[in-house]
Amino acid sequence: MAHILTNPFYKDVWSTDEMRDVFADRHRYQRWLDVEAALARVQARLGIIPQEAADEICKKAHLELLDVDALKEHLVQAQHTFVPLLKQLEKACDNGAGEFIHYGTATQDIQDTATSLELKDAFRIIFRDMVILEKKLIEMAKKYNSQPMIGRSNNQHALPITVGLKAASWAAEVRRNIERMKDMRKYIFVGLIHGSTGTMSGLGERAYEVVEGVLEELGLEMPACAWTGIRDNYGHFTVFLSQAAATISRITNEIYQLSRTEINEFSEPTSSCSAGDNSIRQPLSAQVTAICRIVVNNAPLALQAMIVEHERDTRSWRLDWHHIPENSILLSKALLDTIYLIDGLEINEDNIKKNLNLLNGQVLSEIIVSRLQENSGKNLAQELVNKCLLDAKNNEIAFDKCLSSNEEIKNFLSKQELANLFDYSNHIGQSVRQIDEVVNLSNTQSANDGFFLALE
């Protein structure tokens with residue numbers, strides 16, 4: 001059975017062509033060749049290898065010019081991920097240029113630097129979709145900024161919030177993830193051309209010029225020191241993806257829960273739900289939540305890869321080849337699906353009002369005590385409200401009716417005052433202001449989003 005991400009039947013449910021393409025084998029091999037070509041060009045420019053050799057290497061450093069079938073066979077025989085590619089490139093080069101390939105460097109250098117190039121492409125896609133998701137959530141927050149809905153605490157009805165405030169809380173968390181991405185850029189877009197133990201000894205006296213030149217050509221940053229035995233940059237990226245997945249899962253799980261038959265406050269776009277047995281719809285939110293759980297669970301693998309022995313440990317960086325592509329591919333799909341969900345999400349206002357009144361105002365008991373005690377005193381107010389709560393429970397009478405029929409309460413609160421207390425729109429606190437704060441912060445922090453969207 002094929003992996004779920006490559007299975008011809010299921011791959012588009014779990015992944016996207018765009019992100020799968022970033023990590024496609026043909027592109028990985030081509031990136032390795034691109035790094036080798038950049039190395040040859042820089043070394044020729046510095047007079048380290050002949051210009052003619054560099055020109056030939058660059059000319060032949062294209063996967064379509066190599067014997068791919070022989071490459072596959074050699075991979076099985078050699079049990080080495082990179083040497084067979086070098087051999088095929090060397091074989092393709094004429095006039096002895098092949099002997100100048102990979103001059104003074106190590107295989108891990110080439111592969112890690114190429115992985116950093118992969119991260120740039122993955123980063124660009126994820127960042128773009130994070131920004132889109134935040135915009136959709138901001139729109140939702142502004143549209144429903146004052147629409148009351150029941151708040152829930154430990155799965156129990158609590159004081160009301162607004163639909164907009166729920167969306168704003170999602171948007172604020174997404175924005176923090178966007179800002180985290182901006183910050184991590186300087187850690188992950190870093191190359192490595194330092195040799196097997198990181199000393200650069202194989203590159204000669206002009207080693208720094210070589211490394212700086214290669215990384216400049218590739219659009220990567222120069223590290224302060226070699227990171228052959230340091231994997232925190234890649235670990236940081238994958239752990240971030242896991243954290244972002246937890247954010248997405250919080251959103252989609254909430255949609256999933258609030259779409260339950262007995263709640264029915266939110267409805268997913270009809271086209272997002274597939275028909276199952278007996279026409280029971282399979283919600284997209286459930287699929288996204290499942291995807292995110294996988295991404296979250298990959299975080300420990302990324303942390304394990306950071307535990308490296310000595311200056312180089314093949315076991316560690318091969319783990320990167322698992323957790324980076326899988327997390328990137330899965331999160332990308334989860335983001336796109338969540339954007340679709342939010343864009344088409346239906347807010348069922350009738351059911352929201354119904355659920356607000358499900359307990360006939362019992363969730364407002366603290367507010368009523370607070371208002372009542374202004375005239376009656378704290379102890380009496382608490383006693384009167386508790387009596388009404390008990391009567392409502394024991395006699396199956398609506399709480400609001402118990403209050404309005406209580407003669408002592410009538411002495412302190414008028415019928416109109418009681419009616420105002422049971423108007424949920426009067427009890428949304430500072431929801432609207434908080435939404436405004438989220439919107440303003442997003443406007444401020446998103447001012448430089450374009451720079452990161454345009455990264456090359």
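Throughout, read-outs are computed from the coordinates displayed, never taken from laboratory work. Only a predicted model underlies this, so the values are computations on that prediction, with no experimental measurement involved. Positions of Cβ are backbone-derived with ideal geometry, glycine not excepted, and every protein chain shown enters the neighbour counts.
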Residues Arg41, Arg180 in order from fewest to most other beta-carbon atoms within 10 Å are Arg180, Arg41
Which residue, Ala141, Tyr234, Leu66, has the largest displacement toward the positive end of the dipole of the chain when charges sit on each Cβ (Lys, Arg +1; Asp, Glu -1)? Ala141
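Taking other Cβ within 10 Å of each residue's Cβ, how do Thr338, Thr81, Thr289 sort, fewest first?
Numbers: Thr338 28, Thr81 16, Thr289 21.
Taking fewest neighbouring Cβ atoms as first place, the list is Thr81, Thr289, Thr338.
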Rg(Cα) / (2.2 N^0.38 Å) computed for the chain, rounded to two decimals: 1.34
Work out the charge dipole of the chain with +1 on the Cβ of Lys and Arg and -1 on the Cβ of Asp and Glu about the Cα centre, then indicate which of Pro50, Asn7, Asn298 is farthest towards its positive end. Asn298
Taking the Cα centre as origin and putting +1 on Lys and Arg beta-carbons and -1 on Asp and Glu beta-carbons, what dipole magnitude results for segment 202-271, to the nearest 20 debye? 320
Quick check: the angle from helix 83-92's long axis to the longest principal axis of the chain, C-alpha only, nearest 10 degrees? 50
Once you charge only the Cβ atoms, +1 for Lys and Arg and -1 for Asp and Glu, what is the size of the charge dipole of the chain about its Cα centre, to the nearest 20 debye? 1180
Scan segment 378-449 for GluC sites (Glu not before Pro) in coil per DSSP, keeping those whose Cβ has at most 12 other Cβ atoms within 10 Å, and list them by number. Glu396
Eligible lysines near Lys186 by straight Cα distance, threshold 23 Å, same-chain separation 8 or greater: Lys120
Positive end of the charge dipole of the chain (Lys, Arg +1 and Asp, Glu -1 on Cβ, about the Cα centre): tell me which of Gly198, Thr113, Gln257 has its Cα farthest that way. Gln257
Efficiency by 1/(1 + (r/R0)^6): what FRET value for Arg176 and Ala454, r their Cβ-Cβ distance, R0 = 30 Å, to the nearest 0.05? 0.85
Debye, to nearest 20: dipole size of segment 362-421, +1 on Lys, Arg Cβ, -1 on Asp, Glu Cβ: 40
Go from 0 up to the bin containing the longest alpha carbon distance in segment 362-421, width 5 Å each, and give me the % of pairs per bin. 4, 21, 35, 28, 11, 2
At most 15 other Cβ within 10 Å, DSSP loop - chymotrypsin sites (Phe, Trp or Tyr not before Pro), segment 1-101: Phe9, Tyr10
Which pairs, out of Lys135/Lys166; Lys135/Lys333; Lys143/Lys182; Lys60/Lys333, put more than 25 Å between their alpha-carbon atoms? Lys143/Lys182; Lys60/Lys333
So how do His157, His102 line up by other beta-carbon neighbours within 10 Å, fewest first? His157, His102
Below 13 angstrom from the Cβ of Asp25, what's the summed charge of the other residues (Lys, Arg +1; Asp, Glu -1)? +3
So what is the relative contact order for the chain, in percent, with contacts set as C-alpha pairs under 8 Å and at least six apart? 18
